[in-house]
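Engineer: Can you keep this structure in mind? I'll have questions shortly.
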Amino acid sequence: MTEPSARLELQDNDEIRALSGGQGENLKLIERRLAVRIGQRGTVLLISGPPESVALAETLLAQLNELVQKRFPLALEDVEQAIKVLQANPRADLKEIFLDTIITTTAKRPVTPKGFAQKSYIDAIRRFDMVFGLGPAGTGKTYLAMAMAVAALIERRVKRIVLCRPAVEAGEKLGFLPGDLAEKVSPYLRPLYDALHDLVEPERAQGFLERGIVEVAPLAFMRGRTLNDAFVILDEAQNTTSEQMKMFLTRMGFGSKAVITGDLTQVDLPLGKLSGLAEARTILSSVEGIRFCQFTDRDVVRHPLVQEVVRAYESAAAKKL
């Protein structure tokens, strides 16, 4: 019996090289993930395997090629996320997700959503003045919020960016770290600096920081302030107390946006201390003008093993209940 197959004809060799990836890595990934075989004859790709897998692979390759034709710089991680998107919804249009460019990084790579959850998240940030992004590590919550903030600053929709984190001790005591307060909390803020420098040239980023256009500070430094015309991000919000969260949320002034991100499975507060993020989700979920966006392990955009790690820990935690 002949094995089900499909064929996809491309325009030229440049197109097939871009779609295949270096050493054919994109096609090899699709073969592994979808259990199909992909052969090549000139500019024609031949797909064989189980019927459902062949149909999905054909749709995937056709849509990925549309991205290539739009000059999208297709990378291996994009193929990985595209597979997830179409596995969840074979009728999804990858162009609506992957071509929604927020900003272009210093490496000249566009920052775009990589799935339904990320697309909903950035759409919510565009529409609402206060957005909560909840979910596991590696889902892009903080990075996408940073990209939206930098884009808003460059387009002059806000006058400054304020980035903050609670400096909660996770196994180490701040008092034993060397230096003054700023030096003690610097490691907690490092991920925010890293994201900023990835999105903006180093000289420009340094200029923003020196002029106070971009401020990176511990959450404690927000008390007593009113932030007008600002894009404010609170990262690692699961480690805020109830009082800290209320304090932060009431800093918003006119013309401002606030994005609060966190993972409620990684709370480092003392045992018995309620997370301000968990409380906010309960109290504010029905407030008009506030949007909660939930990410899951399916939305992890780091190495595929990160998704498996998240799932394993969630499974272990469920067994303890």
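Engineer: Keeping every protein chain present and rolling a 1.4 Å probe, give me the accessible area per residue for the chain in Å².
Structural biologist: On the way: 16820 Å² over 321 residues.
In whole numbers, the chain has 52 Å² accessible per residue.
Engineer: Hey, another quick one. Asp299: net charge of surrounding residues, Cβ under 10 Å, Lys/Arg +1, Asp/Glu -1, itself excluded?
Structural biologist: Details: positive: Lys84, Lys114, Lys141, Arg298; negative: Asp297.
Cβ neighbours under 10 Å give a net charge of +3.
Engineer: Given 0.36 nm per residue, what is the gain on full extension from Phe221 to Ser5 after removing their alpha carbon distance, in nm? Walk me through the numbers before you get to the answer.
Structural biologist: Working: separation 216, 0.36 × 216 = 77.76 nm, distance 6.15 nm.
Length gained between Phe221 and Ser5: 71.6 nm.
Engineer: Mind checking which aspartates and glutamates have their Cα closer than 13 Å to the Cα of Lys119? Skip sequence neighbours fewer than 8 apart in that chain.
Structural biologist: Straight-line reach from Lys119, under 13 Å: Asp93, Glu96, Asp100, Asp299.
Engineer: Same structure again: From the mean inverse distance of alpha carbon pairs (Kirkwood) and the Cα radius of gyration, derive Rg over Rh for the stretch 19-71. Write out the running numbers ahead of the final one.
Structural biologist: Numbers: Rg = 10.6 Å, Rh = 11.2 Å.
Computed over Cα atoms, the ratio is 0.94.
Engineer: Please report, to two decimal places, log10 I(q)/I(0) for the stretch 253-321 at q = 0.12, 0.16 Å⁻¹ as given by the Debye formula with identical point scatterers on the Cα atoms and no solvent.
Structural biologist: -0.47, -0.79
Engineer: With only alpha-carbon atoms counted, please give the Rg and Dmax of the stretch 203-249, in Å.
Structural biologist: 12.2, 38
Engineer: Additional query: Can you tell me the 0 to 90 degree angle between the C-alpha axis of helix 51-69 and the longest principal axis of the chain, rounded to 10?
Structural biologist: That works out to roughly 70 degrees.
Engineer: Now a separate question. Of all accessible surface on the stretch 1-155 at a 1.4 Å probe, what whole percent is carbon and sulfur?
Structural biologist: Whole-percent figure for carbon plus sulfur exposure: 48.
Engineer: If I model a spin label at Thr250 and Lys319 as a point 7 Å from the Cα along the Cα→Cβ vector, what separation in nanometres do I get?
Structural biologist: A separation of 4.5 nm, rounded to one decimal place.
Engineer: At 222 nm, what value in deg cm²/dmol follows for the chain if DSSP H runs of at least 4 each add -39500 (n - 2.57) and the sum is divided by all its residues, to the nearest 500? Mind showing how you got there, number by number?
Structural biologist: Numbers: 12 runs with 143 residues, N = 321.
After summing the helix terms and dividing by residue count, I get -14000 deg cm²/dmol.
Engineer: Let me ask you something else. With springs only between Cα atoms under 10 Å apart, run a GNM on the chain and tell me which of Arg126, Arg71, Arg160 wobbles the most.
Structural biologist: Arg71
Engineer: Is the shape of the stretch 193-321 rounded, prolate or oblate, going by the alpha carbon gyration tensor and its root eigenvalues a ≥ b ≥ c, with a/c under 1.5 for rounded and a/b larger than b/c for prolate?
Structural biologist: Working: a/c = 2.04, a/b = 1.32, b/c = 1.55.
Verdict is oblate for the stretch 193-321.
Engineer: Which distance in nm do the two modelled labels at Ser286 and Arg71 give, with both placed 7 Å along the Cα-to-Cβ direction?
Structural biologist: The modelled label-to-label distance comes out at 5.0 nm.
Engineer: May I pose another question? When N counts the residues of the stretch 62-133, how does its alpha-carbon radius of gyration compare numerically with 2.2 N^0.38 Å, as a ratio?
Structural biologist: Numbers: Rg = 12.6 Å, N = 72, 2.2 N^0.38 = 11.2 Å.
Relative to the 2.2 N^0.38 Å estimate, the stretch 62-133 comes out at 1.13.
Engineer: Across 20 Å bins from 0, what is the distribution of all Cα-Cα pair distances for the chain, in whole percents?
Structural biologist: 29, 51, 19, 1
Engineer: With viscosity set to 1.306 mPa s at 10 °C, what whole-number translational diffusion coefficient in µm²/s follows for the stretch 12-149 from Stokes-Einstein and a Kirkwood radius over Cα pairs?
Structural biologist: Details: Rh = 16.0 Å.
D = 99 µm²/s.
The values are calculated or read from the model by the stated rules, or taken from the named source; none is laboratory data. Here the structure is a predicted model, which is why all the values come from computation and not from measurement. Counting neighbours? That spans all protein chains shown, and the Cβs are built from the backbone with ideal geometry, glycine included. What goes into the accessible areas is simple: the full protein's heavy atoms, side chains included, and nothing from ligands, DNA or RNA. Shrake-Rupley method; radii C 1.70, N 1.55, O 1.52, S 1.80 Å.
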